[in-house]
């Protein structure tokens with residue numbers, strides 16, 4: 001008994017020691033920013049110097065992936081669980097879910113969310129089946145965040161603008177003086193003020209950006225912004241301005257962290273929810289690239305990822321390990337010295353040890369259950385279930401792709417075409433797909449009864 005009490009005391013002191021210097025965590029996720037738009041990943045058309053600064057000061061990941069559309073990724077990001085087990089509908093987060101906001105609060109962190117919500121109600125009132133889904137998602141004041149400053153917290157028809165003259169909900173009250181202002185500037189102001197405050201405990205701030213999602217319209221750095229009548233103009237060429245403003249906002253946040261003297265105490269993560277919009281063609285190191293948002297090809301799922309923690313993460317390091325959106329929750333929880341219990345049955349695998357250049361479990365493959373239905377404008381999609389590693393991708397219809405050499409997926413590899421290498425990969429991937437299909441069948445009835 002005495003030995004057990006001594007062991008418990010040691011464990012308690014160990015956790016307390018870890019908790020004394022736990023980092024602040026800032027997680028930023030761009031909206032529709034594929035690797036083709038970023039200089040470090042081969043983009044040649046837009047300037048992203050702050051992202052390059054993050055690469056020089058921290059770690060850049062070369063094989064980070066997301067789901068092809070935003071809600072699909074954000075639900076996985078916030079819960080650490082693949083869509084096949086917790087998907088309800090587009091623009092809907094299960095109100096019974098436990099988010100990383102809840103978990104970070106439980107770990108003793110102060111929490112805040114800034115930017116885009118769009119997880120409570122999505123369908124317009126006249127869309128078929130909307131009555132089953134409207135206002136069925138999680139309300140942000142129940143999502144585990146002490147403070148919020150957000151766009152689209154209620155019904156779609158009431159969301160207003162996210163860019164010029166934005167409609168932003170600040171802790172339950174809409175900001176009244178946004179005329180002539182730009183949404184991303186308001187959010188950057190909130191974040192810069194937040195990180196400069198003297199918090200009594202470490203904070204977790206999640207910023208799901210609006211930028212550079214369409215409508216493609218002028219930013220305050222665009223010449224057209226000076227004419228108020230042109231601020232709502234929509235043209236594809238404004239996308240480049242929006243990418244560069246994404247980088248500028250990121251720079252403001254990095255500077256605010258450093259100016260507050262908390263750079264070495266803050267783990268900063270920058271990621272994206274899916275690839276670039278299909279309307280956009282971008283000059284890259286591999287030629288003219290069309291955006292792949294909404295598609296299962298590499299251009300739809302391959303996204304940038306930077307992690308910065310001065311004094312802890314080796315500056316200028318490059319990581320070629322696989323990362324997907326379910327991995328962020330267990331990673332930040334481990335950084336917070338509150339690792340998630342295996343009983344939570346997460347799909348995510350922490351990459352925290354990789355940030356410290358230590359050994360640990362690495363993700364063997366990235367699984368996708370991609371089906372944005374039901375939801376407004378999502379009837380055009382169908383279910384795509386597939387798995388990939390850094391080289392190969394296998395769909396559940398048996399088609400394999402050499403993603404590394406065929407990112408546009410123009411050359412299909414069937415079982416009869418397998419080499420010894422692809423046959424071994426196929427066997428492993430088929431086993432995982434079968435397991436995930438069984439899990440989906442088990443979870444599906446409960447999901448259908450709620451919102452479909």
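Quick notes on this structure:
Results for (1) assigned by TED's automatic domain parsing to the domain that holds residue 63; (2) in contact with a strand residue (DSSP E or B) (Cβ under 8 Å, 6 or more places away or on another chain), shown as yes or no for each residue.
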{"position": "361", "(1), (2)": "yes, no"}
{"position": "370", "(1), (2)": "no, yes"}
{"position": "389", "(1), (2)": "no, yes"}
{"position": "398", "(1), (2)": "no, no"}
{"position": "401", "(1), (2)": "no, yes"}
{"position": "443", "(1), (2)": "no, no"}
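- Any hit, the range 76-83, residues being modelled with pLDDT of 95 or more, surrounded by fewer than 24 Cβ atoms within 10 Å (Cβ to Cβ) and closer than 29 Å to residue 440 by Cβ: yes
- Across the range 107-132, the qualifying residues are those that are more than 17 Å from the chain's Cα centre (by Cα) and either free of Cβ contacts under 8 Å to residues at least 60 places away in the same chain or closer than 17 Å to residue 173 by Cβ (or both), and the one among them that is surrounded by the most Cβ atoms within 10 Å (Cβ to Cβ) is 121.
- From the list 136, 142, 167, the lone residue that is closer than 28 Å to residue 222 by Cα and at pLDDT 95 or above is 167.
- The range 168-179, subset in contact (Cβ under 8 Å) with a residue 12 or more places away in the chain and outside any loop (DSSP other than H, G, I, E, B), residue surrounded by the most Cβ atoms within 10 Å (Cβ to Cβ): 169
- Any hit, the range 48-60, residues being modelled with pLDDT of 95 or more, out of contact with any helix residue (DSSP H, G or I) (no Cβ under 9 Å at 6 or more places or on another chain) and surrounded by fewer than 24 Cβ atoms within 10 Å (Cβ to Cβ): yes
- Hey, residue 329 in the same structural domain as residue 64 (by TED's automatic domain parsing), in contact with a helix residue (DSSP H, G or I) (Cβ under 9 Å, 6 or more places away or on another chain) and either surrounded by 13 or more Cβ atoms within 10 Å (Cβ to Cβ) or in a loop (DSSP other than H, G, I, E, B) (or both) or not: yes
- Set side by side, the residues 320, 324 differ, and just one is touching a strand residue (DSSP E or B) at 6+ places or on another chain (Cβ under 8 Å), buried (at least 19 other Cβ atoms within 10 Å of the Cβ) and assigned by TED's automatic domain parsing to the domain that holds residue 309, which is 324.
- Residues that are closer than 23 Å to residue 21 by Cα, more than 17 Å from the chain's Cα centre (by Cα) and in contact (Cβ under 8 Å) with a residue 60 or more places away in the chain within the range 318-340 comprise 335, 336, 337, 338, 340, listed in sequence order.
- Of all residues in the range 133-166, those satisfying the criterion of being outside any loop (DSSP other than H, G, I, E, B) and either out of contact with any strand residue (DSSP E or B) (no Cβ under 9 Å at 6 or more places or on another chain) or touching a residue at least 40 places away in the same chain (Cβ under 8 Å) (or both) are 142, 147, 149, 151, 156, 157, 158, 164.
- Pair list, Cβ under 6 Å, 6 or more apart: the range 232-249 residue more than 21 Å from residue 55 (Cβ to Cβ), other residue assigned to a helix (DSSP H, G or I): none
- Looking across the range 216-229, just one residue is farther than 25 Å from residue 303 by Cβ, exposed (fewer than 15 other Cβ atoms within 10 Å of the Cβ) and in contact (Cβ under 8 Å) with a residue 12 or more places away in the chain, and that is 228.
- Of the listed requirements (1) more than 26 Å from residue 390 (Cβ to Cβ); (2) part of a loop (DSSP other than H, G, I, E, B), residue 103 misses just one: (2).
- In the range 335-452, counting only strands (runs of 3 or more DSSP E) that sit wholly within it, the ones holding 3 or more residues that are more than 18 Å from residue 73 (Cα to Cα) span 392-395, 400-402.
The values are calculated or read from the model by the stated rules, or taken from the named source; none is laboratory data. Fair warning: this is a prediction, and the values are worked out from it, not measured in the lab. For neighbour counting, all protein chains shown are included, and Cβ atoms are generated from backbone atoms with ideal geometry for every residue, glycine included.
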